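Report on one structure; see the data block that follows.
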Amino acid sequence: MFVVVSVVVYFTAIRPTVMPKAEHVIVIDAGHGGKDGGAVGKTSGVSESELNLAFSKKLKKICQSFGFDVVLTRSDMEGLYSPTADNKKKSEMEKRRKIIEKSGADLVVSIHMNSFPSSAACGAQVYYADGSVSGQALAESVQNSLYSGIENSKKTAKVGDFYVLNCTDKPSILVECGFLSNPEEEALLQDESYQEKFCYNLFCGILQFYNFNK
Ligand SMILES: [Zn+2]
């Protein structure tokens, strides 16, 4: 309850000064899809691609309610690769890049779930492309917001070598929302109210980035 109240208070407090212009476009990229399900929940067997999509859709709704245009790279469980492509991973990544280019995006947020051999690993981690000043600023803003609102979140954003970060000059981040190899986090990541809270905190980080870069 406290968290819900504090989120509402937070939004009420910052909303008047940071309402973005309607022309802002955010690409939300749900990782994986189709035959590539990504990581798998150790206890429930839930697929990462399914959760990535659930988080992406929730984040989209929040962004739109604050006047942003949103482009999803995928809005269903189908893969983005061409069915006839020999190299499906390459085909899929090319498609993501084309969607980002065509969107006229201000920024890109790619959503993933993590996994690690040890079940103790937990917490949300935000990545940005090495050398991207704006990507780093966005990543730090989102990581700070997650750290303050989501339990176990990491404190510091990290450099990550991911195609979706390297394929664009726009500020781009990849958010590993939590670990499907950690049973507690696996359960939380499937909880709708947790997804909602997580996406609000992620969005607060995006708003702060816009506010500092106006
Ligand atoms: Zn992934």
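The values are calculated or read from the model by the stated rules, or taken from the named source; none is laboratory data. Everything quoted here is computed from the prediction, not taken from an experiment. Cβ sites come from the backbone with ideal geometry, for glycine too, and all protein chains shown count toward neighbours. Each accessible area value is taken on the protein alone, full model and side chains, heavy atoms only, with ligands, DNA and RNA left out. Shrake-Rupley method; radii C 1.70, N 1.55, O 1.52, S 1.80 Å.
Structure values in brief
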quantity: Å² per residue, accessible surface of region 25-212 at 1.4 Å; calculated: 44
quantity: FRET efficiency, 1/(1 + (r/R0)^6) with R0 30 Å, evaluated for Lys155 and Lys89 via beta carbons; calculated: 0.40
quantity: Antiparallel bridges, percent of DSSP beta bridges restricted to region 25-212 (to nearest 5); calculated: 25
quantity: Two-decimal Rg to Rh for the chain - Kirkwood Rh, Cα set; calculated: 0.95
quantity: Leading residue at positive end of dipole, region 25-212 (Cβ point charges), from Val133, Ile99, Val46; calculated: Ile99
